[in-house]
Ligand SMILES: Cc1cc2nc3c(=O)[nH]c(=O)nc-3n(C[C@H](O)[C@H](O)[C@H](O)COP(=O)(O)OP(=O)(O)OC[C@H]3O[C@@H](n4cnc5c(N)ncnc54)[C@H](O)[C@@H]3O)c2cc1C
């Protein structure tokens with residue numbers, strides 16, 4: 001493994017690997033669900049030392065002078081993690097950069113997969129804000145890729161998959177004006193019967209069509225097999241009261257006892273956007289939400305959402321994602337969607353990630369995302385449905401920690417069935433490369449790779465990692481079933 005300190009180290013390592021015909025892999029944040037940042041018998045380039053962060057007031061991509069107007073931006077070393085970038089750009093810099101939701105995800109891996117954060121419905125994918133990349137290609141040359149220099153390489157880096165086209169050494173991303181407020185609304189709604197749950201799904205879908213397909217909303221709701229709906233949505237560009245008012249019609253419907261549903265009052269919180277990733281502020285006002293790196297001498301900026309602890313080393317049983325077209329919310333098609341969501345939950349929890357479908361986004365975010373290799377299904381999807389299940393860390397051959405293969409296969413079957421139920425209502429289902437099924441049968445189309453004529457990064461043509469770019473992704477909610485409760 002080479003712990004690269006700069007682009008020159010990377011170039012020399014690429015040369016060495018090419019000359020000695022070694023399999024080469026790159027590791028940044030290490031959050032690949034497919035495990036594509038590791039490979040047996042490979043030479044690994046580890047980028048974690050390359051984590052400088054520089055803010056610009058007026059950045060123009062090299063060679064674009066006079067062609068593109070200067071704009072605020074941030075240049076980030078390929079080994080940086082999003083938590084550190086948010087600390088520099090938002091907490092200390094008062095600006096917004098589109099990154100990922102999880103603070104420990106790596107910048108280069110996320111951007112090369114497209115990349116969604118909590119507020120992508122407003123700002124588009126992370127790749128849509130990419131202005132320039134420094135990248136070492138397989139010939140060992142350090143290149144600057146942007147709209148004016150190597151534009152084809154630049155385009156491919158904006159979602160073609162980590163490691164497909166070269167080793168990225170730094171990225172420059174547009175920064176945006178920071179909204180005033182960010183906030184969260186949380187609730188758990190329980191239905192008293194299958195019929196009441198189906199009605200609840202119908203009411204939620206109607207509410208979504210009227211209110212949630214807009215730049216203000218992001219994040220997740222999950223429909224569970226025990227007839228509950230968990231809501232964990234984030235908002236931007238409105239204050240707490242406006243957010244609570246927006247959801248009032250939905251909670252009024254639940255309050256009507258005739259509908260057979262109950263919930264505790266929803267929790268609605270707003271915070272000045274500048275404090276959203278401010279570790280000191282969060283630890284003071286929401287103790288327990290963040291965890292800190294407890295190694296001696298660790299930086300105080302090394303923090304991560306406490307919820308993510310359970311994901312470290314998790315053993316995935318199955319993982320699928322599907323973009324749901326906004327047309328499914330129309331009166332004419334809504335019935336099919338409700339049936340499919342209810343049917344899916346009879347097998348497994350179905351979660352909808354509103355921030356990962358860009359229907360309702362502003363035109364500039366849509367246009368910038370359109371100019372990337374991502375499956376165009378993202379543009380008119382109201383949400384990305386993720387169906388996945390996982391257990392505690394497990395290691396074959398380690399006594400007391402072996403995976404339970406029988407359970408894994410049983411759960412994998414149910415996850416696949418739930419996904420199939422949902423996919424029957426989507427024509428040519430699209431999936432998010434970084435968070436999709438490792439075993440996706442029609443991966444060329446589902447990932448959008450065959451939908452574009454440039455850079456088809458099939459396993460055979462990948463310049464760095466010959467492993468497939470098919471993928472997998474977590475979900476944040478525990479699947480729940482009355483028939484066979486999961487014990488993880
Ligand atoms: C807990 C968790 C939370 C997540 N949250 C989100 C989320 O909120 N939004 C979202 O969109 N996705 C999310 N993801 C998915 C994540 O975006 C992708 O897995 C992403 O590829 C991770 O990047 P990384 O650098 O952390 O991972 P790595 O495993 O280090 O890299 C991922 C891929 O990119 C390649 N790569 C890494 N660095 C470079 C480089 N410098 N040059 C070339 N290739 C490189 C690797 O070889 C590998 O193929 C999450 C994943 C996890 C595990």
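It is to be established whether one or more residues within region 368-388 are over 22 Å from residue 217 (Cα atoms) and free of Cβ contacts under 8 Å to residues at least 12 places away in the same chain. So far as region 368-388 goes, no, none of its residues is over 22 Å from residue 217 (Cα atoms) and free of Cβ contacts under 8 Å to residues at least 12 places away in the same chain.
Test residue 173 against the stated conditions and say whether it is within 20 Å of residue 101 (Cα to Cα) and modelled with pLDDT of 95 or more. Taking the combined requirement at face value, the residue satisfies it. If you go through region 2-15 one residue at a time, do you hit one that is buried (at least 19 other Cβ atoms within 10 Å of the Cβ), within 9 Å of the ligand (Cβ to nearest atom), under 23 Å from the mean Cα position of the chain (by Cα) and more than 15 Å from residue 129 (Cβ to Cβ)? For region 2-15, residues buried (at least 19 other Cβ atoms within 10 Å of the Cβ), within 9 Å of the ligand (Cβ to nearest atom), under 23 Å from the mean Cα position of the chain (by Cα) and more than 15 Å from residue 129 (Cβ to Cβ): absent. When you check residue 18 against the structure, is it away from the ligand (no atom under 15 Å from the Cβ) and out of contact with any strand residue (DSSP E or B) (no Cβ under 6 Å at 6 or more places or on another chain), yes or no? When the stated conditions are applied, residue 18 passes them. Within region 276-303, the set of residues being closer than 20 Å to residue 182 by Cβ, touching a residue at least 24 places away in the same chain (Cβ under 8 Å) and part of a loop (DSSP other than H, G, I, E, B) comprises 276, 277, 278, 301. Say whether the condition of being closer than 15 Å to residue 344 by Cα and within 16 Å of the ligand (Cβ to nearest atom) is met by at least one residue in region 427-435. No, region 427-435 contains no residue that is closer than 15 Å to residue 344 by Cα and within 16 Å of the ligand (Cβ to nearest atom). Is it the case that region 427-446 has a residue that's surrounded by fewer than 16 Cβ atoms within 10 Å (Cβ to Cβ), in the same structural domain as residue 228 (by TED's automatic domain parsing), in a loop (DSSP other than H, G, I, E, B) and at pLDDT 95 or above? No, region 427-446 has no match at all. Per the conditions (1) over 25 Å from residue 312 (Cβ atoms); (2) outside any loop (DSSP other than H, G, I, E, B), the sole criterion not satisfied by residue 407 is (1). Only helices (runs of 4 or more DSSP H) whose full extent lies in region 103-178 are considered here, and the ones with at least 2 residues that are surrounded by 24 or more Cβ atoms within 10 Å (Cβ to Cβ) and near the ligand (Cβ under 7 Å from one of its atoms) are 107-112. Looking at region 246-261, can you tell me whether even one residue there is within 17 Å of residue 179 (Cα to Cα) and either more than 25 Å from the chain's Cα centre (by Cα) or surrounded by 15 or more Cβ atoms within 10 Å (Cβ to Cβ) (or both)? No, because not a single residue in region 246-261 is within 17 Å of residue 179 (Cα to Cα) and either more than 25 Å from the chain's Cα centre (by Cα) or surrounded by 15 or more Cβ atoms within 10 Å (Cβ to Cβ) (or both).
Checked against the criteria, residue 284 does not count as more than 16 Å from the ligand (Cβ to nearest atom) and under 30 Å from residue 205 (Cβ atoms). Taking region 25-94 as the region of interest, the strands (runs of 3 or more DSSP E) fully inside it that hold 2 or more residues being crowded, with 17+ Cβ neighbours inside 10 Å and within 16 Å of the ligand (Cβ to nearest atom) are 42-46, 71-77. The set of residues in region 188-236 being surrounded by fewer than 19 Cβ atoms within 10 Å (Cβ to Cβ), part of a helix (DSSP H, G or I) and out of contact with any helix residue (DSSP H, G or I) (no Cβ under 7 Å at 6 or more places or on another chain) consists of 194, 195, 206, 210.
The values are calculated or read from the model by the stated rules, or taken from the named source; none is laboratory data. Keep in mind it's a predicted model, so treat the numbers as computed, not measured. Using ideal geometry, Cβ is built from the backbone for each residue, glycine included, and neighbour counts are taken over all protein chains shown.
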